[in-house]
Amino acid sequence: MVHEWFDGTLVRASAQATRQNRLLIACIVAGSDDGNSQEKQTLEQLFSQPQILPVVRSRCLCILLETGTEQAAIFAKLFPSNTTPTIYLIHSSGNTMLAADNIEVETLLEHIQTRLAAVDSADKESKPEIALTPLPTPAPAAAEKHLDAHEAERYRRML
């Protein structure tokens, strides 16, 4: 199987990741004339590894940004970096930056799992558990009495 990158702007990727409570993974690669640089191919192979792919597909949203593009310039204002390729793991619970040249699959997976654990922890802290006690069911005689009173009131209004 092959990894698929988010097809849209950085703003849309961020909004969708937030809405779906996913980890946003932004990968920065050197821009190339044909849009198919060696760095891009390396990252595509890395994210397509059987250990990484299922985790990324189910819990992350990945966007690929090429230096020299408008989206990469916007990203660089928030997360400046002088090296490529670079992988950013971004969530409101915290961010991680990884230099992606020669990164091992196990190392990337470990960082993703660590960040996802923080995502899960932050999610639990932001959603307090509320215990709802069920309403008592009225006794049959009380229910009939209430219905009779309601019907009587309705009949009085009709007169």
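Across region 6-12, rounded Karplus estimates of 3J(HN,Hα) from the backbone phi angles (6.51 cos²θ - 1.76 cosθ + 1.60, θ = phi - 60°) give 4, 9, x, 7, 4, 5, 5 Hz, Gly and Pro being marked x. Per residue, the solvent-accessible area of region 15-109 (1.4 Å probe, heavy atoms of protein chains only, all protein chains present) comes to 52 Å². Ranked by the mean number of other Cβ atoms within 10 Å of their residues, highest first, the peptides 89-98, 57-66, 113-122 fall in the order 57-66, 89-98, 113-122.
Expressed in units of 2.2 N^0.38 Å, where N is the residue count, the Cα radius of gyration of region 57-124 is 1.18. Placing a label point 7 Å from the Cα of Met97 along the Cα-to-Cβ direction, the residues of region 52-66 whose backbone N falls under 19 Å of that point are 63-66.
The values are calculated or read from the model by the stated rules, or taken from the named source; none is laboratory data. These figures come from a predicted structure and were not determined experimentally. Reconstructed Cβ throughout: ideal geometry from the backbone, glycine too, with neighbour counts over all protein chains shown. Areas reflect the complete protein model, heavy atoms only, side chains present, ligands, DNA and RNA absent. Shrake-Rupley method; radii C 1.70, N 1.55, O 1.52, S 1.80 Å.
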